[in-house]
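The values are calculated or read from the model by the stated rules, or taken from the named source; none is laboratory data. Computed from a prediction, not measured in an experiment: that's the story for all the values here. As a convention, Cβ positions derive from the backbone with ideal geometry for all residues, glycine included, and neighbour counts pool all protein chains shown.
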Amino acid sequence: MLLTWLLLLAYILLMPEKGRVTVNLFGERLRELRERANLTQSQLAEKSGLNLSTVTRLEQGFREPTLTSARALADAIGVTCDELSRPPDKKPVKKPRGRPKKAD
């Protein structure tokens, strides 16, 4: 487990700055669209068929999306891959008050 975290940390630190920015922008956009669709990370993971840790790491910028995962996320959110790959909006997304409802 410790070795996995050390490798992840080394990957992040050694990743070129340009790549880091791109991954972070994807994560910001993914979170923006997920929140706009009123989904939690676990609901998005379930709808897309991805693991919760994958969705979390994508949003945090620790992981690059594959074409398959990007397509699954876009379908789950109800947007196109093109819309998912755009830079995040600079205006804040109005968040609903309180905790999100639990999945049935």
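The residues of the stretch 50-68 that are in contact with a helix residue (DSSP H, G or I) (Cβ under 8 Å, 6 or more places away or on another chain), under 20 Å from residue 82 (Cβ atoms) and not aliphatic (A, V, I, L, M), listed by number, are 59, 64, 65. Within the stretch 77-87, does at least one residue satisfy the condition of being surrounded by 14 or more Cβ atoms within 10 Å (Cβ to Cβ) and at pLDDT 95 or above? Within the stretch 77-87, one or more residues are surrounded by 14 or more Cβ atoms within 10 Å (Cβ to Cβ) and at pLDDT 95 or above.
Selection of the stretch 52-80 for residues being in a helix (DSSP H, G or I), free of Cβ contacts under 8 Å to residues at least 12 places away in the same chain and closer than 21 Å to residue 38 by Cβ yields 52, 74.
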